[in-house]
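Only one structure is covered here, and it is reproduced in the block below.
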Amino acid sequence: MRRLTVLLAVLGMLSLGLTACGGSDSTNTTTASTTCPTDNTKAFPKTRFVADVGLIAGSFHHWIWKPYRAGKFKKGADGRTFAIVKAVAAAAFIKHEIGNARDNVRADPTLCKTIGGALDKLASAFDSVSSKIRGGDFGSLLTINGLIGTVTSAMGSNGMKVTEKYNS
């Protein structure tokens, strides 16, 4: 029991540290359409964005969505506490990656206009998912899964096809 308490404390501090890395830049709250550049402002923003979304989708589906669908978060489930700890840690990582993805979207005029809105919705929905998971509210995961699908679909419409591969 002591190990679990120490692990929860360490992961809690880690999640606080990762969420604090996002900064309080006022551009994070503006809509994508008002901050779109006319030229690329970073090197390889599309490539970086694709990598960010790959990490977001992969982490969400592996550490949060699949355990949720398997019933690992239900009261009394075998390994429930550890599954929730991993989900909270994954949520903190995903939140960080969403911030990176938003920065890369804002650095490319085409991405900003086509995907910026969907990514902003995903970021807004994900802002409170970590605390909801800790509190036992998993209903928001359906919304998050749908928003990740919206972002990857928008990417596919713009020539950036996303294919998920699972090793079962």
Could you identify the single residue in A83, A9 that is of a type in the set (G, A, S), in a helix (DSSP H, G or I) and at pLDDT below 80?
-> A9
Can you pull out the residues in the range 93-151 that are of a type in the set (S, T, Y) and assigned to a helix (DSSP H, G or I)?
-> T110, T114, S124, S130, S131, S140, T143, T150
If you take the residues in the range 117-147 that are small (G, A, S), in contact (Cβ under 8 Å) with a residue 24 or more places away in the chain and under 18 Å from F93 (Cα atoms), which one is surrounded by the most Cβ atoms within 10 Å (Cβ to Cβ)?
-> S130
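Please determine whether any residue of the range 159-168 is among the small types (G, A, S), assigned to a helix (DSSP H, G or I) and surrounded by fewer than 20 Cβ atoms within 10 Å (Cβ to Cβ). Break it down stepwise before answering.
Within the range 159-168, the first condition is being among the small types (G, A, S), and the residues that meet it are 159, 168.
Those still in the list that are assigned to a helix (DSSP H, G or I) too: none.
Scanning the range 159-168, I find no residue that is among the small types (G, A, S), assigned to a helix (DSSP H, G or I) and surrounded by fewer than 20 Cβ atoms within 10 Å (Cβ to Cβ), so the answer is no.
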When the range 72-113 is examined, which residues are found to be among the β-branched types (V, I, T) and buried (at least 18 other Cβ atoms within 10 Å of the Cβ)?
-> I84, V85, V88, I94, I98, V105
Inside the range 132-164, the number of residues satisfying the requirement of being under 14 Å from the mean Cα position of the chain (by Cα) and of a type in the set (S, T, N, Q) is 5
Qualifying residue in the range 12-20 (condition: of a type outside the set (F, W, Y), modelled with pLDDT under 90, in contact with a helix residue (DSSP H, G or I) (Cβ under 6 Å, 6 or more places away or on another chain) and buried (at least 18 other Cβ atoms within 10 Å of the Cβ)) | yes
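The values are calculated or read from the model by the stated rules, or taken from the named source; none is laboratory data. All figures in this text were calculated on a predicted structure; none of them were measured in a lab. Ideal geometry is used to build each Cβ from the backbone, glycine not excepted, and the neighbour counts take in all protein chains shown.
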